[in-house]
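Read-outs throughout are calculated quantities, based only on the coordinates presented, and are distinct from any laboratory measurement. Predicted, not measured: the structure shown is a model, and the values here were computed from it. Positions of Cβ are generated from backbone atoms using ideal geometry, with glycine treated the same way; all protein chains shown enter the neighbour counts.
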Amino acid sequence: MSADPRLLVVDDEPDLRTLYEMTLLREGFTLDCAGTVEDALELLGARRYDAVITDMRLPDGSGLDILRWLEQQGRGERALVITAYGSAENAVEALKAGAYDYLTKPVDLRQFRMVVASALGRAPKTEETASRGAATARAAAAAEPGASPPASGAASPTSPAPATGAMSPSASEDAPSEAAEASAAESRKAPAAKPRAAPPLTGSTSALDRLVGDSAPMRQVRELIGKVARSMAPVLLNGESGTGKELVARAIHDVSARRPQPFVAVNSGAIPEQLLEAEFFGYRKGAFTGATEDREGFFQAAHGGTLFLDEIGDLPLAMQSKLLRALQERSVRPVGAVAEMPVNVRLLSATHKDLAAEVAAGRFRQDLYYRLNVIQIRVPPLRERMEDLPPISARILQRIAADAGVSPVPQLTPAALATLSRYSFPGNVRELENLLHRALALSGGDGIELSDLGLPDIVLGPDDATSESAFGALDPALGAALPPEARGGAPLPDDLAAYLDEVEKQILLRALAQHRNNRTAAGASLGLSLRQMRYRMARLSISVGGDEG
Ligand SMILES: Nc1ncnc2c1ncn2[C@@H]1O[C@H](COP(=O)(O)OP(=O)(O)OP(=O)(O)O)[C@@H](O)[C@H]1O
C-alpha cells in the first residue's frame, strides 16, 4: 500500500459523498468519487486504489457489480459496502461476494473511520479507540476471586463475578511490544476454557504451519483459510470435538492482516450464564460489589484482532441477543457503563452442534445464526483423513519429545501405526495427542510399540490382542469381537452409541479384510445383504477400494 492511500467512494447521493469525502480527507486519504457503477468501473479501469467504498444501491446497478468486477479482474482493492439498515441479507451477500467488510446506513462516522482504517491495516487518525495495553493489564488485575456483580437488573449479572481471570497471565503486560503481544495473543484464553491436551508451539510458529495434513479435505480447509483471511466476514467452524477448529481459527488470524493484534479464544460453553455479559463486554468500577476497577471484556481484549467464540451453540438465548446487538452495532456497553464503546473485532465461531437444527428447535436465534454463518468451514473428523495420521503423529511426537527433553524423537513402529490407522478416533486429533503423550511416557526406547498405545481392546485384532478373551472361551466368534466393557466387572463405556459404533466398525473391517474387500461376501458372512452392508459402511465412514460388490 502507498504511503498516501487512495480511495474510491461510490454513492449516488451527493450529500453523502460529501460527508464521506470530508471524513476521509481529514484522515489524510486521497479520494476519487463516482455516482454510478459505470463511472466507478471507468475510474477503476484507469488506476488502482487501496480501497473502494461503495453503496449497495446505485442507479445503474449494485455495489455487488463492482465487487464482481474486482474479483474477475483479480484486483487487490479491499471493498467496503454500505447497506440499508437492517438488511442482514445484503450484508451477508456482500461479504460472500468478497467484500472486506460492510457498514449499515445511517453510517456512524466513528465506525466508518474505524472500518476504513481496518481495511487499510492502520489505526484511525482522528480518534482514539480503546487503549488496549493498559486495559489488558487492568483486566488481569481485576480478575480477583470474590468480586460480585449487582444483585439484579436487566443488563446486569446476578451472582458472583468472574472467579478467575478473563485471560491467561501472559495477557497482563502493561504496554506489550508488537512481538510480545503477538505471542501473548497465542495463549490468551477464557478462564473457563477447557483444558487442552497440549500447549501451542512457540509464538513464532504460525498456526497454519501447525495444521498438519495433506489429505484432500485438509487441503480444502487450508485453501479456505487463505480465502477467508482476506476479509472481515464471520466464519463458522463446524466439526467434531478435537478436530482442530481452534487451530483453524488461529490459522485464519495468523494469515490475516490482524496477525500482530490479539487472538482471543473463548469457550462460551464453560462460562456461568450470570457472568457472560461481564466476561464478554467488561464492567465499570463500582458496577457491583467487588468491582473495584474497570475491567475489559473479551471484545475489548480482542480489539483490532480476532475473537474466537468456541462452542457458540451453548450460549443461552439471552446472551445470543446481546451478542447479535454487539455485532450489528460494532460496539459494546460494559456492565455499569453509560456509553457504548466501539470495537473493531473479527468474529470467528465454532460448534460441534448442528446449529441449523438448533435454530429449528428454537434454541438458537436464526438472525444470529445467519450473521455468524456467512462462511462455513467444516473441519473433518480424523477418521475421514487417515492418510494424515502418520504426519500428524510425527509432528505431535516431535512436540511432546521436545517439551519433555526426550531425544531422539521416538517413532511409532509400523505395527503400532497400522493398528492406530484402524482406530476411528472419536476424540479426533486431541485423542491422538493424549494417546501419544501416554505412549511416550510408557515407551522405554526409540520406538513406540503397539503395547505402549493402550488402545481399547476392540481396536486390536486377534493377532494384536495382548490378553485372551474370557468370553472367547464360551463363544470364540463373539469373544474376539466383544470388548471387556461388555462383560461383567469391567468399567462401563461413557458413550454407548459411539462405543457400539466402534464395535460394529471393527467387525465390518475384519470381515472385509477376510473377504478381500468384497462387500457382498463380507456382508453375507455377517448375515447382511449388500444393501445393508453398504448402508452400514457409509454410516461408519468405511471405504474400500474398487467398485465390486
Ligand atoms: N491438523 C492438525 N495437525 C496438528 N495438530 C492438530 C491438528 N488438528 C488439531 N491439532 C491439535 O489437536 C488439539 C485439538 O485441536 P483443537 O483444540 O483446535 O480442536 P477443536 O476442534 O477446537 O476442539 P473442541 O471442539 O473440543 O474445542 C490441539 O492441540 C491442536 O493443536
Check your understanding: By DSSP, what percent of the beta bridges with both residues in the stretch 6-119 are antiparallel, rounded to the nearest 5?
Key -> 10
Review point. What ranking of Leu31, Leu236 emerges when the number of other C-beta atoms within 10 Å of each C-beta is taken as an exposure proxy, fewest first?
Key: Leu31, Leu236
Point to revise | Part-to-part distance (alpha-carbon centres) for the stretch 242-277 and the stretch 41-57, which is given in Å | key: 34
Review point. Counting every Cα pair in the stretch 184-378, what percent are over 31 Å apart?
Key: 15
Revision key, fill the gap. Two pseudo-spin positions, 7 Å from Cα along C-beta at Thr36 and at Glu384, lie apart in nanometres by 4.8
Practice item. Could you pull out the chymotrypsin sites (Phe, Trp or Tyr not before Pro) across the stretch 16-99 that fall in loop regions by DSSP (anything but H, G, I, E, B) with no more than 16 other Cβ atoms inside 10 Å? Key: Tyr85
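Multiplying the sequence separation of Ser321 and Thr205 by 0.36 nm and subtracting their Cα-Cα distance, what value in nm do you get?
Going from the current span to full extension adds 38.1 nm.
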Review point. Between Glu449 and Lys105, 0.36 nm times their residue separation minus their Cα-Cα distance comes to what?
Key: 117.5 nm
Review point. With each pseudo-label sitting 7 Å past Cα toward Cβ, what's the Ala84-Leu526 distance in nm, one decimal?
Key: 5.6
Point to revise | Residues Ser321, Ser331, Ser529, Ser424 arranged by fewest to most Cβ contacts within 10 Å | key: Ser529, Ser321, Ser331, Ser424
**Study point:** Modelled FRET efficiency - R0 30 Å, Val409 with Glu223, Cβ distances, 0.05 increments
**Key:** 0.50
Revision key, fill the gap. Taking a crude spin-label model, label points 7 Å out from Cα along the C-beta direction, the Gln73 to Leu496 distance in nm is 6.4
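How much length is gained on full extension from Asp60 to Ala216, taking 0.36 nm per residue of separation minus their Cα-Cα distance?
Computed gain between Asp60 and Ala216 is 51.9 nm.
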